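These notes are about the structure you will find just below.
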Amino acid sequence: MTDALVFSANAVLPIVLLIVLGYILKRIGLLTAPFLDVGNKLTFRVLLPAMLFYNVYNIGSLREINLAFVLYGIGAVIVIFFLAVAVTCAFTKDNAKRGSLIQAMFRSNYAIIGIPLASSLFGDKGAAAAGVMSAFCVPLFNMLGVITLSIFNGTGKKEKVNVGKILLGIIKNPLIIGTVAGIAVLGIRELFVMWGITFRFSDITFLYKSLENVKSICTPFALIVLGGRFEFSAVSRLWKEIVFGTVIRTVAVPVLGFAGAFLIPGLGGEHFATYTGVFATPVAVASAIMANEMGADGELAGQLVVWTSLVSTVTIFVYVTIFRAVGIF
């Protein structure tokens, strides 16, 4: 029990502490509003795409994939997305809030927390399974995020949904570009393996190391910027939305996702470790950045990142303890 609690705290609290650091730096005047605005754009347009490219490129081979494992993960996220749209539209009529809440429900912090979490829970097998899933879930999260914020935003326009505009938004989105570029280079690597060519993108050392350095900046910088934008005064105004989104993200979504996974035959501990990253981790930091950039309620999105991170410290501990008790981990 103690080990599980310490593990969960070590996985989530570093994120919370970096957000707190950003909040403190803003309060003492070291972070200014113009800096935070530019920092938000830098993260969205450069740092996150670089990190996604790096993470996708560095997954293991795609030749040994448990198809049921991957299809369930993709299918469950899509089902959760549509359920999120339905319950959120019933909950609020504010389109800007709808966009932020929907993202909070289906979009986990898989890249930053989920993959390391799976590795910690089930070692190399967990890391390998999480790596395979990232090639599918990361693009899916980003595409659904763009679709969500293209439809549900604060522009106030009541015109019909423009499918072409949404598709163009997906194609031009920096996170999609980073992910697709990573998949493309990964595909080339797989072809090189088939053809017996030993050259890899990582052999271009100066370029690969530069990408690695940019990727390493992303998470701490994004969290500090998020903390700088955080305002406790917003809690009293948004408490209903915060409670609603946090409970669904940390309780309803994991319970739904795990329940369905138990019905899939042949899944092992590494697969449930990966699903813990997909369903049980807090809201992705990128959701707040995208909300700010695409006209949704960025303030609410940032609050949801913070509060789901805090609450998930407890809920992940509970899920891990249950899985250990039933012999999965």
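Quick notes
- Neighbours by Cβ (under 8 Å, 6+ apart or cross-chain): first from the stretch 97-118, without any contact (Cβ under 8 Å) to a residue 12 or more places away in the chain; second open to solvent by 10 Å² or more (accessible area, probe 1.4 Å) and of a type in the set (Lys, Arg): none
- Failed condition for Lys172, given (1) under 18 Å from Met290 (Cβ atoms); (2) surrounded by 16 or more Cβ atoms within 10 Å (Cβ to Cβ): (2)
Let's see how each residue does on (1) in contact with an Asp or Glu (Cβ under 7 Å, 6 or more places away or on another chain); (2) in a helix (DSSP H, G or I); (3) at pLDDT below 80; (4) open to solvent by 60 Å² or more (accessible area, probe 1.4 Å):
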{"residue": "Ala4", "(1), (2), (3), (4)": "no, yes, yes, no"}
{"residue": "Leu21", "(1), (2), (3), (4)": "no, yes, no, yes"}
{"residue": "Leu31", "(1), (2), (3), (4)": "no, no, no, no"}
{"residue": "Gly39", "(1), (2), (3), (4)": "no, yes, no, no"}
{"residue": "Thr43", "(1), (2), (3), (4)": "no, yes, no, no"}
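- Residue match in the stretch 204-220 (condition: in contact with a helix residue (DSSP H, G or I) (Cβ under 6 Å, 6 or more places away or on another chain) and either of a type in the set (Phe, Trp, Tyr) or free of Cβ contacts under 8 Å to residues at least 60 places away in the same chain (or both)): yes
- For the stretch 224-329, the helices (runs of 4 or more DSSP H) that sit wholly inside it and include 1 or more residues that are without any contact (Cβ under 8 Å) to a residue 60 or more places away in the chain and open to solvent by 20 Å² or more (accessible area, probe 1.4 Å) are 233-247, 253-261, 298-325.
The values are calculated or read from the model by the stated rules, or taken from the named source; none is laboratory data. Small disclaimer: the values here were computed from a predicted structure and weren't measured. Please note: Cβ atoms are built from the backbone with ideal geometry, for glycine as well, and neighbour counts cover all protein chains shown. Side chains are part of the model used for accessible areas, which takes the heavy atoms of the whole protein and leaves out ligands, DNA and RNA. Shrake-Rupley method; radii C 1.70, N 1.55, O 1.52, S 1.80 Å.
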